[in-house]
1. Counting only the heavy atoms of the protein chains, how much of B:Glu226 is accessible to a 1.4 Å probe, in Å² to the nearest 10?
2. Between C:Ile86 and C:Phe275, what is the FRET efficiency for a Förster distance of 41 Å, r being their Cβ-Cβ separation, to the nearest 0.05?
3. Within 13 Å, Cβ to Cβ, of A:Ser184, how many net charges do the neighbouring residues add up to if Lys/Arg are +1 and Asp/Glu are -1?
4. Run through segment B:1-57 and list the trypsin sites (Lys or Arg not before Pro) located in a DSSP loop whose Cβ has at most 11 other Cβ atoms within 10 Å.
5. Return, ordered by residue number, the residues of segment A:43-66 whose backbone nitrogen is under 17 Å from a label point located 7 Å along Cα→Cβ of A:Leu160.
6. About the Cα centre of segment C:169-276, how large is the charge dipole given +1 on each Lys and Arg Cβ and -1 on each Asp and Glu Cβ? Please answer in debye to the nearest 20.
7. Please give the helix B:143-156 orientation as an angle from the longest Cα principal axis of chain B, in degrees from 0 to 90, rounded to the nearest 10.
8. For the pairs B:Lys115/B:Lys209; A:Lys189/A:Lys285; B:Lys109/B:Lys147; B:Lys118/C:Lys317, note any where the Cα-Cα span goes beyond 28 Å.
Amino acid sequence: MDTFLQAITNGLMVGGIYALIGMSLTIIFGVMKIINFCQGELLMVGMYVSFVLYDQFGLDPFLAIPLVAIIMFAIGALLQSTIINRAMKNTESDDTNVLFLTVGLGILFTNLCLMFFKSDYRTAVSAVSQKNVELGNITVSMPKLISFLILIIMSVLLFLFLKHTTLGKQIRATSQNKTGAQVSGIKTKMVYASTYGLGAALAGITGACLMSYYYVFPTVGAVYGTRSFIVVTLGGLGSIPGAFIGGLVLGLLETIGSVVVGASFKDTVVFLVFILILVTKQLVKSKRG
Amino acid sequence: MGNILEIKNLSKNFKGLKAVSNVSFSVEEGKITGLIGSNGAGKTTLFNMISGVFPPTEGNVIYKGTDITGMKPYKYSGLGIARTFQIMKPLAHMTVLDNVASGALYGKKKIGSLKHAKEYAEEILEFTGLYEKKDWLPGNMGTAYKKRLEVARALATNPDLLLLDEVMAGLNPTETDEAIELFRKINSNGTTILLIEHVMRAVANLCEKVVVMHHGEMITEGTPQEVMNDPYVIEIYLGKEEESDG
Amino acid sequence: MKRKFGSRQILLLLLIVIVALLPLYVQSTYTITICIMTFYMASASLAWSVLGGLTGQISLGHAAFMGLGAYISTLLLVNFNVSPWISILIVFVVVGAITALLLSPCFGLRGPYFTLVTIAFGETFRNLFTNWEYAGKGKGILLPYGEDDFGLMRFSDKQSYFYLGLGMVVLIYIIVKMIDKSKLGYGLKTVREDEDTANAIGINPWKYKVIATFISCGLMAVCGVFYANYYRFIDPEIMIQTQSVEYLMPAVIGGIGSVTGPLLGAVIITPLSQFLNATLSSIAAGSNLVIYAVILIVVILFQPRGIMGWFNGSKLKAKIDKVFDSIDGKLFSKK
């Protein structure tokens, strides 16, 4: 029973990271209707930003979060307004080019980081890195628990932001009806840039959290990128609450899957479930006509 | 001549909403039949059921005496039914000639060799007045030409029944006249036409029989004269068109 | 009118002959190695383009399908002493069938959703092979060394692999070109452009996607046989998703949707990336791939249809066509 409870706890902790990266992907999709194939790489960049802040200024990864978020927002907004926007305009009806572009950006980020930081594993130590919390017979590492709390806080903040700020309302309006939003005077260009910036910032925050107990290397993003696709498929593309729940479900699926089929095959379980859900959703949709 | 197509009690519900309800009419072989109605009358929904895009909630579509209700859409052209799309769907990265050759390779014609398909496509392009543009990409042509391309590609499948979905929308009066001329020519070669339009002038000019739809229901059918003199039609349909024209 | 056999084909043959004579004049092993890699990348990109270019279904799982071919042929060789020459046929059929079967329920998924499924299948295969005892787990499999043996596709010199690679790329190019110019090719391209139109003119999109998958993944597996026998070592990392990206890059840069595109793309980008790798990566690792990525991004932004997309719509092509046609006219004038 304890192993099972421990697996569930671990699952929720991993799931928190997946939920955050999933939310960052889904918000971009919701507004721009593109699947950002370099989301994992944005997370990786966020990890390196967090690492540099630690390495140069001794900043604790958790304390660095606001700074990482601002830097990543700037990078994201700049990227969208210059490069991605151009590709989106190029191909009104054809989204394969945006797909290729974001894949290309992923390669660019990975190798820029490889150039600057080499392929070594880098770590940043948080004040709480080595601490554990005991809950009965279950042990949770402190940084993972804090990361999970950050997920909750970020979700609430995101919800409040979208509900109550002008920009948040504009983002929601654009995601529901682009033409309608344009007609009512919303500058979609600005909304796109801010949304991509927001997505990058969330990915960066995920990276900073991860940095408190994990290490960074240039190709670390690939795994999280793929996981973020699964999360949003589980939760429904474009749905933020869906990504929240999808992330936790994926985390649980992974750890419980590990217990059931062994850790080596957990990826297979995860991917097969993913394929099954995608195909079933498609079938249901086509049956409805 | 008999009926090539019979629509029997066709209905379609979308999430409880009735888009089309209990529509029945027939299309006589060798003739041009028109289906008119204002926007939202359910024309396109009806058209999609007839052409197999989605199955009806109730009712049947009988083609040449066989029930084809709910048949997969790609089987239609083999039976001799071809269609155009209201929102034009040219094969954007293929030349005009290749667009039409595709239709000739498949469809009812099913030409085996590419060479023959291209020769046949050239004939069709000649017939539809697109020959000079055969090496163009569809995206570089104007609306009128794109609409012609839709018709040419459908024609290349060698249909017995041609379903045209608002092919004259967005054309200026001269272009409309040219289109009417083309459809007469197609019809005189023996192809039956079912035409969906809200351009009354075109329908009155071309069709021997007109079916009028409103709010998902069929309200009347008859010759263009009969239909246009029907007080109900004048009230709900022509009244609206004058409004939108003004 | 273009002829079946004219000056264009003669030029192509001439080009193949010139390339084939290269090892006689070039002694540098380095140059030969780059040629072999170019042949391999061009073959793989051409195989990818049957599904990705002609049919418009973007797969990011092709590295895994290549890996399947490499693994199946290697396991057959190591355990049952089956010649790789025979494996070529076996993997084409087996991998073609497996992928067509696995992906067939997924063809209703459009655009990026289909791409996500191919990533998932690719990563599943990698995960399975990483943990499969029989296939050497994560350690991979070493192909047996020994004396040169044509029947076992085992050579100690690069020249032999050069001709093997050249043969492969010529064969795959001809196959893909023939598909492009056939009725099947028109069906695939119509599906790529618009599935509703395909339906309306009597093409069953699902069926054509199955056929394209079979051919594309089958050919990819054939490339895998070459890969395994050339490098003589395989491990699950050859199936990784980033490797799939490498295979589509020549197609995107050369021109997606044209048959010459992937070939041209590989001829440009493989030597370039090898050159950058040799010169830059010693200074800063990754810098060669940074340039690689920048080229990709620039092409996508400024020439979305790639080099061939630009060329096919250019005046240059019209001029070249004119020259070819006039030569054809003189050579094959009607009596």
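1. 110
2. Working: r = 37 Å, r/R0 = 0.90.
Efficiency, from the Cβ-Cβ distance: 0.65.
3. Numbers: positive: A:Lys169, A:Arg172, A:Lys178, A:Lys187; negative: none.
Value of the local net charge: +4.
4. On the way: sites: B:Lys8, B:Lys12, B:Lys15, B:Lys18, B:Lys31, B:Lys43; in loops: B:Lys15, B:Lys31.
Passing both the DSSP loop test and the Cβ count: B:Lys15.
5. It comes to A:66, nothing else.
6. On the way: 8 positive and 8 negative charges, 79 e Å.
Dipole of segment C:169-276, to the nearest 20 debye: 380 debye.
7. 80
8. Too far apart for the 28 Å limit: B:Lys115/B:Lys209; A:Lys189/A:Lys285.
The values are calculated or read from the model by the stated rules, or taken from the named source; none is laboratory data. Small disclaimer: the values here were computed from a predicted structure and weren't measured. FYI the Cβ positions are ideal-geometry reconstructions off the backbone, even for glycines, and counts take in every protein chain you see. All accessible areas refer to the heavy atoms of the entire protein, side chains included, with ligands and DNA or RNA removed. Shrake-Rupley method; radii C 1.70, N 1.55, O 1.52, S 1.80 Å.
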